[in-house]
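What follows is a short report on a single structure.
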Amino acid sequence: MRENHFERLLRWLQLEADAEAEQLRARAQRMSGAEAEKLGNTLIEMALDEETAGLGGRWLMTFCKRNRTLGLPWNRLGRGTPVVVAPEDTPDGPLLRGVVSDRTERTITIALPGVPDETDYPSWRIDYASDETARQRQRAALQLARSAERGRITQWRKLLLGEKTPTFRELPAAQRNIAVEPARALNDSQRAAIEFALTAENWAIIHGPPGTGKTTTLVEFIRRAAARGEKVLACAPSNMGVDNLLERLVAAGVRCVRLGHPARVSAGLREHTLDYIVENHPDMEVARTLLRDADKLFRKAGKFTRAKPARGEKQAIRAEARQLIGEARRMEQTIEDHLLDEADVVCATLTGLDDRILGEREFDWAVIDEAAQATEPPVWIPLPRAKKLVLAGDHCQLPATIVSQVAAGEGFGRSLMERLMEREAASHSRMLAVQYRMHEAIMGFSSREFYAGGLTADASVAGRVLTDLPGVAADDATTTPLEFIDTAGAGFDEAAAPDGESKFNEQEARLVVRKVRRLVEAGVDPAQIGVIAPYAAQVRLLREQLGDLPVEVDSVDGFQGREKEAIVVSLVRSNDSGEIGFLGDVRRMNVALTRAKRKLVVVGDSATLGGHPFYRDLLEYFEAAGAYHTVWEDPLD
């Protein structure tokens, strides 16, 4: 069983790596560098403007356009994006993997894990890439879990593969008095989940449906564990998820340190990153001097002069610079060790757990938020360091995104949390039952379809609509919480995007824009309106059509964990064959339908969607609520 389980996970991990590589290759073959640059995944004809040593042993390379009168074109290479940097027109040149560290209108800075051997090339190309470091850490964690014959990981293997039953203990009476956040008391289901998790001797699950205060509950659990003198490793699969936890923990007065590249951390939280704290530590002045000296040596080695340097002199200078960087790194390490030892909570993404930084440290708890959004391999990374585990999330919401259709078909998208919930949900998990986000009518369909009717809307949100907001006029759109607009028979046909990887629906986009503008005209703040489309091509089209109107438009994934007063969902698919593509992943649609606080508008083609049981139920729900309308009731101009 052990061999089969981990062999499967390793195989799926490789299938995913191969599929991502093939996707990138296919794009490269299908288009020129200029075409790839237009899509935002590539920057071409770049010149190396500056090199400098950074903290943590990183090497920073700053690029600009070779034609220095030009700024950077629009691109998706934002802070924290993994990239590959390579010389153009040099097939045997180096492939340098790094992360976007900074970006301005004219420059982009890439952080490499170390100093490259050679950078003297006239022109460079920067491409979006998969995160190979993350994949290597997952692979190593699985291999350890499969082969270890002793140590804590062997116990985790038995527990999580069902060979050993997890145990719980009675919580001492003194620990049952929960100190709550000043802003709002915890409800009964939140208190019960915290007390239950604290009794876990091995692992426990906190199941948090949309709007039920999962992060509030999790932060209070961590705060209580830290107050007992226990060390906590707080993780999530995404940087956004980790930042969300970190922000709330800091507000609760918990001593936290955030691991990971500062470029991948929200700007307002960077002062809590290990890199930032180390950089501003008074003992770092000597290390900074060493880094400056190393910089001077690298510049000397890279400087072109008419006099040819003696044989080996350039290499010797770079070797001396590397030695200085090594000395600075040892000083940094001493400071890092002290800071990590002092922290109550260490926060990081699952794949951001770096053995080089953490060393042999162990933790009383590993707490994993958004656990249902991670494939299983990365969840094994923190386990060798943790005595106990809490998984928190919602296996009925957004699953992990899988590129390999083979791996997805065989079950790679099934998270560890989902697997454990299917096996032992009743005895080893607690569900949060009161939601604080949505009007009860917006909540109702999700509660019925995914949570066996177990959700309740708190009285503070159960009946609120847009007209309860100041300055919003009363009309049919603002006094009701739900609206479905059926485009069947109107000729709103979908189309394939030029890249062949997405879909859009121009007529439907026009209708969505009209609905948004009506809400704005009624007095709804555009910043409190969100538009969700499941296809990237439709997202791009809607952004173009909305122009300067500051309405947020994004994919379902982009809205995970988010909320707006009003949400308009564009379902896009409209065809004669009833093909709905990945709209068939109803967990993603559960996310889209539960982002709105006061108003949810859904636009779609019932003739295309109605053949699927989920969408048939959705249409019936809207109709029963008196919220079903056709496009003919609201024709386009």
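Relative to the compact globular guide of 2.2 N^0.38 Å, what is the alpha carbon radius of gyration of the range 212-363, as a ratio?
Details: Rg = 19.9 Å, N = 152, 2.2 N^0.38 = 14.8 Å.
Its radius of gyration relative to the 2.2 N^0.38 Å reference: 1.34.
Solvent-accessible surface of the range 523-624, taken per residue with a 1.4 Å probe and all protein chains present: 34 Å². Report the one residue of GLN138, ALA592, MET438 whose Cα lies farthest in the direction of the positive end of the charge dipole of the chain (charges on C-beta: Lys and Arg +1, Asp and Glu -1; origin at the Cα centre). With unit charges placed on the Cβ atoms, the residue in question is GLN138.
With charges set only on the Cβ (+1 for Lys and Arg, -1 for Asp and Glu), what does the dipole of the chain come to about its Cα centre, in debye to the nearest 20?
1800 debye
For ALA319 and ARG361, the FRET efficiency from 1/(1 + (r/R0)^6), where r spans their Cβ atoms and R0 equals 35 Å, is about 0.60. The value for the range 1-132 of Rg(Cα) / (2.2 N^0.38 Å) is 1.18.
For GluC sites (Glu not before Pro), the sites in the range 320-416 that DSSP calls loop and that have at most 16 other Cβ atoms within 10 Å are GLU360, GLU362. One equal scatterer on each Cα of the range 357-453, no solvent, Debye formula: the resulting log10 I(q)/I(0) at q = 0.20, 0.24 Å⁻¹ is -1.10, -1.28. Overall form of the range 211-290: prolate. Here a/c, set by the Cα gyration tensor axes a ≥ b ≥ c, is 1.5 or more, and a/b is the larger of a/b and b/c.
The GluC sites (Glu not before Pro) of the range 43-120 that meet both conditions, a loop assignment by DSSP and at most 14 other Cβ atoms within 10 Å of the site Cβ, are GLU105, GLU118.
If you count only protein heavy atoms with a 1.4 Å probe, what accessible area per residue comes out for the range 321-373, rounded to a whole Å²?
38 Å²
Candidates PRO382, ALA343, ALA321 compared by Cα position along the dipole of the range 318-414: farthest toward the positive end lies ALA321, with charges placed on Cβ. Dimensions of the range 293-447 along the principal axes, based on C-alpha atoms and rounded to the nearest Å, stand at 78, 40, 34, largest first. Of the chymotrypsin sites (Phe, Trp or Tyr not before Pro) found in the range 190-276, none is in coil by DSSP with at most 11 other Cβ atoms within 10 Å of its Cβ. Separation of the range 37-97 and the range 487-543, taken as the distance between their Cα centroids, equals 34 angstrom.
Here the accessible area of the chain is 49 percent carbon and sulfur, with a 1.4 angstrom probe and all protein chains present.
For a straight C-alpha distance cut-off of 23 angstrom, the lysines reachable from LYS515 (same-chain residues fewer than eight places away being disregarded) are LYS503, LYS564, LYS597, LYS599.
Determine how many Å³ per residue the convex hull of the Cα atoms of the chain encloses.
Cα-based convex hull of the chain, divided per residue, equals 181 Å³.
Take MET331: with every protein chain present and a 1.4 Å probe, its accessible area is about 70 Å². Where the centre of each part is set by its Cα atoms, how far does the range 191-260 sit from the range 318-355, in angstrom? Cα centroid of the range 191-260 versus Cα centroid of the range 318-355: 25 Å apart. Once the 1.4 Å probe is applied to the protein heavy atoms, the range 24-98 comes out at 51 Å² accessible per residue. With N as its number of residues, the range 542-628 has a Cα radius of gyration that, divided by 2.2 N^0.38 Å, comes to 1.12.
Report the Cα centroid-to-centroid distance between the range 604-624 and the range 374-445 in angstrom, as an integer. Comparing the Cα centres of the range 604-624 and the range 374-445, I get a distance of 26 Å. Here's the list of lysines a cross-link from LYS296 could span, going by alpha-carbon distance under 17 Å and ignoring same-chain residues fewer than 8 apart: LYS314. Sorted on the mean count of surrounding Cβ atoms within 10 Å across their residues, most packed first, peptides 155-164, 62-71 read 155-164, 62-71. Calculated translational diffusion coefficient of the range 340-411 (25 °C, 0.890 mPa s; Stokes-Einstein with Kirkwood radius over alpha-carbon pairs) equals 178 µm²/s. Stokes-Einstein diffusion for the range 388-520 at 20 °C, viscosity 1.002 mPa s, with a Kirkwood radius from C-alpha pairs, works out to 112 µm²/s.
The values are calculated or read from the model by the stated rules, or taken from the named source; none is laboratory data. Keep in mind it's a predicted model, so treat the numbers as computed, not measured. As a convention, Cβ positions derive from the backbone with ideal geometry for all residues, glycine included, and neighbour counts pool all protein chains shown. With ligands, DNA and RNA removed, areas are computed over all heavy atoms of the protein, side chains included. Shrake-Rupley method; radii C 1.70, N 1.55, O 1.52, S 1.80 Å.
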